[in-house]
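What follows is a set of notes on a single structure, which appears directly below.
The values are calculated or read from the model by the stated rules, or taken from the named source; none is laboratory data. No experiment lies behind these values; they were computed from the predicted model shown. Backbone-built Cβ (ideal geometry, glycine too); neighbour counts: all protein chains shown. Note: areas computed on protein heavy atoms with side chains; ligands, DNA, RNA excluded. Shrake-Rupley method; radii C 1.70, N 1.55, O 1.52, S 1.80 Å.
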Amino acid sequence: MRLPCVFWPQLFWAFSLCFLETVTKSEASPLNCQETCVCASDVISCSKKELGVVPSGLPKYIAMLDLSHNNLMRIRAEWTTYPLKTLHTLLLSHNHLTFVSPEAFLQTPNLRHLDISCNKLRTLEENAFSALENLEVLLLYKNKLVDIDRSAFDELNHLQKLYLSHNSMQRFPLELVKDGEKLPELTLLDLSFNHMKVLPVKQLRALPAWLSNRLYLHGNQLTCNCELYELFWHWHVRQLASTIDFREELQCYPPAQPRTVSVNVFSLNDGMNCSVVRETGMEAHLEETVTLNCDTKQRGVNLIWVTPGNEWIQKHVDGTEGNRTIHVLGNGSLQIKRIRLEDKGTYTCYAQGEVLNETLYVTLTVFNFTQHVHQDTLNTAYTTLVGCVASVILVLIYLYMTPCRCWCRPGDRGQGEDRDSIRSSSLSATPNHETTSDKAALSRHVAFLDPPGDLQGQNGKLKPNGSQEAPGIKGHQLQQSSPHRKLSDPGSISSVFSDTPIVV
């Protein structure tokens, strides 16, 4: 007997309601420590049980819950309806998770270890883990993460280790390490085997050694350049684990070439002619305040400084500065106030930690002058410069700005052409008759005169009466009209027969 088509929609909804009721009952299935999970006191392991939902009825005293290797797809806020204040470890690895609600951990405020590795997460939403203020270790490696909201790790003030390797991130999450504000206790950040091509080298060079020591960047698709070489070379010199342990995996791809064959970063010194990097010390000028950092690979270690004069300086327990000019700051750095020339040299920092002891050296060079010139010196130099410029200007005015005589103007040239033709000769030693004002306007010329033959034996002196004859000027147009001119002013010529230039 066939049912009319009218009854097919009602039949479909009946089956749907039955299915939803079955799913609801399965989500509400209580914890079964005999068949489904293994319960050992406060540790519950439900691994590899093909669970699609989290069992209900978890004991409130639970400390560790293992739900790895199952078929979980979503973690919502309803996975537990009451607080689990003693739960400190939650394992969700090797599932099919594509979504984790930000409210999923509101009932587990004391969680310290969270493993969500080997899942299918593509994004981390806003404030995804902000409810886990006591979280110390977060494992997110081997997902499909492409985008991480900048606030995803907010409020994780006690997070120490963050594993983000084997994902698809193309951008370095600089906000996680910048200034140490977001994750102040972070000591390990694994970003290896992602899709990053460019790194913020300048910001990474400024990171302290205790963070760079375990900042793993190997296995990315980095583009080769000399800045990248300098970064990893500096970390290698400091013997940081991020470069020592994975030296061979630090590869990059040459620019403007197909990304088929990668080269080792440390070979760029030869391949791209990158300059050899050398460690440089601190430089300072007189009267400055200098801070020397003990860049140790550990946090919270005891630091002792030794000056070049073998003076031991360490942080005072009562918080006082001790020596007025040199003392250890709260972060372990050594500060030197009003530095002097004798403060130069090599300072030694002994870092004593629980894991290892380090000895670091900082070389300080002090220049024998202050960085800023004194104001009086600037005033004196400025006054001298202004005086020199003014003198040069006056000389130029005197040489090149002499007033032009009237005859040099085109309209007045014919009036005194005959009279001034004699003045224009640079060989004439005889002054002609002109006014005093005209003499001042004449250009002065230099002439060398040959002595006449009849003056031999006079020792180069003029006749007392000043009546000696002046020789004619050969080749001059006035030679025929005045062959024998008299010298009317003997004092106007200092030495007629000497080789000294005569001003005419």
Charge context of A152, other residues only, Cβ under 9 angstrom, K/R +1, D/E -1 | -3
Flagged as over-length at 29 Å C-alpha distance, from K120/K197; K85/K178; K182/K297, the pairs are K85/K178
Which whole-Hz couplings ³J(HN,Hα) result when phi for each residue of the stretch 327-335 is put into the Karplus expression 6.51 cos²θ - 1.76 cosθ + 1.60, θ = phi - 60°, listed in order with x for Gly and Pro?
-> 7, 9, 7, x, 8, x, 6, 9, 10
Relative to the present Cα-Cα distance, how much length would full extension add between V395 and A40 at 0.36 nm per residue of separation?
-> 117.4 nm
How far is it, in nm, from the label point at M282 to the one at E126 when both lie 7 Å from their Cα along the line to the Cβ?
-> 4.4
Can you work out ³J(HN,Hα) from phi for every residue in the stretch 336-347, in order, using Karplus 6.51 cos²θ - 1.76 cosθ + 1.60 and θ = phi - 60°, giving whole Hz and x for Gly and Pro?
-> 10, 9, 6, 4, 10, 5, 6, 7, 6, x, 9, 9
Search the structure for amide H atoms under 5 Å from the amide H of H285, placed 1.01 Å from N in the peptide plane, and list their residues when 5 or more places away or on another chain.
-> F367
Which cross-chain or sequence-distant (5 or more) residues have an amide H under 5 Å from the amide H of F99, H modelled 1.01 Å from N in plane?
-> I75
In what sequence, largest accessible area first, do I393, I148 appear using a 1.4 Å probe?
-> I393, I148
What is the set of long-range amide H partners of D147 at a cut-off below 5 Å, with H atoms built 1.01 Å from backbone N?
-> L124
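Which net charge results when you count Lys and Arg as +1 and Asp and Glu as -1 among the other residues whose beta-carbon is under 14 Å from that of A284?
Numbers: positive: K337, R338, R340, K344; negative: E283, E287, E288, E342, D343.
Summing Lys/Arg as +1 and Asp/Glu as -1 gives -1.
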Give the value in nm², to one decimal: projected area of the alpha carbon convex hull of the stretch 129-245, averaged over all directions.
-> 6.6
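What number comes out for the charge environment of T223, summing +1 per Lys or Arg and -1 per Asp or Glu over other residues with Cβ under 15 Å away?
Details: positive: R171, K197, R259; negative: E227, E230.
Net charge around T223: +1.
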T86 and V146 label points (each 7 Å along its Cα→Cβ direction) are spaced in nm at 4.4
Which of the peptides 362-368, 115-121 is most tightly packed, and how do the rest follow, going by the mean number of other Cβ atoms within 10 Å of each residue?
-> 115-121, 362-368
Computed FRET efficiency, Cβ-Cβ of K49 and Q239, R0 45 Å: what is it to the nearest 0.05?
-> 0.50
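What does the extension gain come out to for D270 and K178, with contour length at 0.36 nm per residue minus their alpha carbon separation? Mind dumping the intermediate values first?
Values: separation 92, 0.36 × 92 = 33.12 nm, distance 3.24 nm.
Going from the current span to full extension adds 29.9 nm.
Check each of the GluC sites (Glu not before Pro) in the stretch 208-268 and keep only those in coil by DSSP with at most 12 other C-beta atoms within 10 angstrom; list them in order. All intermediate terms of the calculation are to be shown ahead of the outcome.
Values: sites: E227, E230, E248, E249; in loops: E248, E249.
Here the GluC sites (Glu not before Pro) that fit, given the DSSP loop and packing criteria, are E248.
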